[in-house]
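Bear in mind these aren't lab numbers, they're just calculated from the coordinates by the rules spelled out. Just so we're clear, the structure is a prediction, and the values are computed from it rather than from any experiment. Ideal geometry is used to build each Cβ from the backbone, glycine not excepted, and the neighbour counts take in all protein chains shown.
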Amino acid sequence: MMAATSPTFEVTIERLGYSPDSIAHLPDGKTVFIPGGVPGDTVRISIEEERDRFSRGKILEVLESSSNRVAKPHCPYAGICGGCPWAFVERAFQLEAKRANVVDSLVRIGHMDAERAEELVSPIVDVGPAVGYRNKIELDVSARKGRTTIGMHAAGTSDVIKVDACPLLDSSSKKAVKALSGALGYLSGSQDLRLERVGIRTSKRTGDTEVALWTEAGAFPRGHVAKVISDALPVTSISRVMSKGPKAARRIAGVEGLSGKGHWTERILDETMHISAPSFFQVNTRGAEALVRCVLEGLDVQDDDEAMDLYCGAGTFTLPLARRAGFVSAVESYGPAVRDLRRNLERAGIDNVDAIGGDAGLEFPDTDADVIVVDPPRAGLAKDVVEKLSAQPARAIAYVSCDPATLARDLARFEQIGSFTPTSVVPHDLFPQTFHVETVCLLSR
């Protein structure tokens, strides 16, 4: 009996969504999501998945290439590794598509008038360069049938593929991926390290390179691992982040330094940040500087201002705010980041900040702020936080967003309450070759 074959169609790629997929329509009008397509391409596809409202397809052949398609991507693993879903898209068109996705979210999710959304959203800020911009990458680990593979996630699957380098990582560490993969492959050949993932952070500005090993809690050959990695590549710190609990809800059980300083250091504008392995820091340092400048210029912080910084992390916005404002209330829920924040404030000699550990809604500062910064995770602001912010007498709020959809939802909530309204939306391209976009939205009273 012959296996059923997937139906095939010839379609034209229409646009790029806020995802790894491009979007087209089948002859009957049904929407189809297709990875690897570029607007203007004519492609032959097979249908891989059918849903009631949409289908998912796979490109079998590019029949006619779009003028926006790159003839030779920057990376030999493009289309194989899932790290650069827009590697085949010309840079200028990437920028246009990202701005268009922000506008689309404001209209479709924020229920904003299309003309108003177009006026609000500025041209996207290209912080450049298009490759070599990342200060951090993470390698995944797969252990099957006694063989350990360390590399990148394959596009569209949970498989791990071995790579020799990542062109998105700062060029000063271009040999780090191959060297570290080889060292960990050697170590894993003789013992189970219970590795879950591996992080590499590097800074051209400070010369720091940190390797962070994410493992299950338990016994670990610390000295041997540290020696093998240090012999393989020059590092200033090797840390182990131990986790426990169900795979879908892992939590950190502890962090230990195996070698070196025990943290990673980066310079951003006039500040030096010390970041521990579990703490978040923008992977694009130049991009982070652009965000800080945009926020400070938008808020026009004065030396007698009372400021608030919610979801402040290790202090990317807190430190420059504190240099300009009279006082800052900074709130962060993630324990390692709170500790980093307090250490960074102490090292910088800044004493006009109240560093508060806890949930932004539960630990909302009991103060009347003049200016406010919020930089929430991808899930955006909780509804009660929007309500509490709306009750503040502040003249302006700078909302830094990593997801246009949750930004649009939250802006609609602000406008429904009626205290604040968006006056500018400035997208920044911190993540070339991907669909991700960072946005600074200024809300005024």
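What to note about this one:
- Taking the average, over residues, of other Cβ atoms within 10 Å as the packing measure, peptides 409-416, 356-363 rank 409-416, 356-363 from highest down.
- For segment 1-104, the fraction of C-alpha pairs farther apart than 18 angstrom is 48 percent.
- Along each principal axis, Cα extent of segment 136-266, largest first, Å: 38, 32, 29
- Protection proxy ranking, highest mean first, for peptides 185-197, 327-339, 131-143: 327-339, 131-143, 185-197, where packing is the per-residue count of other beta-carbon atoms within 10 Å, averaged.
- Counting only DSSP beta bridges with both residues in segment 8-64, the antiparallel share comes to about 85 percent.
- Rg/Rh for segment 67-205, where both radii come from Cα atoms and Rh is the Kirkwood radius: 1.09
- Per residue, the Cα convex hull of segment 358-445 amounts to 88 Å³.
- Using alpha carbons only: equivalent-ellipsoid semi-axes of segment 270-444, gyration tensor based, whole Å: 22, 20, 15
- According to the Cα-based calculation, Rg over Rh for segment 85-142 is 1.12, with Rh computed by the Kirkwood formula.
- Relative contact order of segment 270-444, pairs being alpha-carbon contacts under 8 Å that are 6 or more residues apart, as %: 21 percent
- For the chain, the dipole from Cβ point charges (+1 on Lys and Arg, -1 on Asp and Glu) about the Cα centre works out to 2100 debye, to the nearest 20.
- Spin-label model, Ala249 to Ser171: label points 7 Å out along the Cα-to-beta-carbon direction sit 4.7 nm apart.
- Segment 340-379: trypsin sites (Lys or Arg not before Pro) in DSSP loop, at most 12 other beta carbons within 10 Å: Arg378
- Estimated distance in nm for a label pair at Asp359 and Lys145, the labels positioned 7 Å out from Cα along Cα-to-Cβ: 4.7 nm
- As a size descriptor, the averaged projected area of the C-alpha convex hull of segment 8-64 was calculated at 3.4 nm².
- Relative packing of peptides 262-274, 243-255 - highest average C-beta neighbours within 10 Å first: 262-274, 243-255
- Among beta bridges that DSSP assigns inside the chain, antiparallel share in %, nearest 5: 65 percent
- Its DSSP H runs of at least 4 residues, each contributing -39,500 (n - 2.57), put the calculated 222 nm mean residue ellipticity of the chain at -7500 deg cm²/dmol, to the nearest 500.
- For segment 136-266, a simple Cβ point-charge model (Lys and Arg +1, Asp and Glu -1, everything else neutral) yields a dipole of about 140 debye relative to the Cα centre.
- Neighbour net charge for Arg267 - beta-carbon separation under 14 angstrom, K R +1, D E -1: -1
- Two-decimal log10 I(q)/I(0) for the chain, as the Debye equation yields it once each C-alpha is a single scatterer, q = 0.09, 0.12 Å⁻¹: -0.65, -1.13
- Per-residue ³J(HN,Hα) for segment 187-197, Karplus 6.51 cos²θ - 1.76 cosθ + 1.60, θ = phi - 60°, Hz, x for Gly and Pro: 5, 6, x, 10, 7, 8, 7, 6, 6, 10, 6
- For the chain, relative contact order (Cα pairs under 8 Å, six or more residues apart, normalised by length) works out to 13 percent.
- Translational diffusion of segment 284-344, estimated by Stokes-Einstein from the Kirkwood radius over alpha carbon pairs at 25 °C in a medium of 0.890 mPa s, is 206 µm² per second.
- Under the Debye formula (equal points on every Cα, no solvent term), log10 I(q)/I(0) of segment 124-183 at q = 0.18, 0.26 Å⁻¹: -0.69, -1.09
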